[in-house]
Amino acid sequence: MLRKHNYILTRVLLPLVTLMLFLTTAKAEGLFPSSQTNSVDVYIDAYTGELVVNNKVSSVYEVRIFDLTGKEVMKATQPQSDLNSRLDISGLSKGLYLVRVSPTPDAPALTIKIMLR
């Protein structure tokens, strides 16, 4: 009887929980003022593998990428005229990273988690 429960746990429930974790998205609130929360989109282009930052407000902003130990692995400042920028992240190894987008170094920032496969 115990073996049957272990089988169900490892063969059925574990993949289901893993799938649920990948499908769950976190909403970042309180990082930007409410008028700016929808002003920045950050995602990985599946075709090119580049990090895309769409800035819907024309302002200079800084993109910083950290690994999970807190080490900064990439930093880029995007000019005011560049509303749709692409960052080459091919040099980063596979894993989880935190991407921080801020209008200025001391301003509130939007931080999201990305996974490189």
Within region 56-84, the residues that are surrounded by 14 or more Cβ atoms within 10 Å (Cβ to Cβ) and under 15 Å from the mean Cα position of the chain (by Cα) are GLU62, VAL63, ARG64, ILE65, PHE66, ASP67, VAL73, MET74
Please list, ordered by first then second residue, the pairs with beta carbon atoms under 6 Å, 6 or more apart or interchain, first in region 74-101 and closer than 15 Å to TYR43 by Cα, second modelled with pLDDT of 90 or more and of a type in the set (Lys, Arg). LEU98/LYS113; ARG100/ARG64
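The values are calculated or read from the model by the stated rules, or taken from the named source; none is laboratory data. All values derive from a computational prediction rather than experimental measurement. For neighbour counting, all protein chains shown are included, and Cβ atoms are generated from backbone atoms with ideal geometry for every residue, glycine included.
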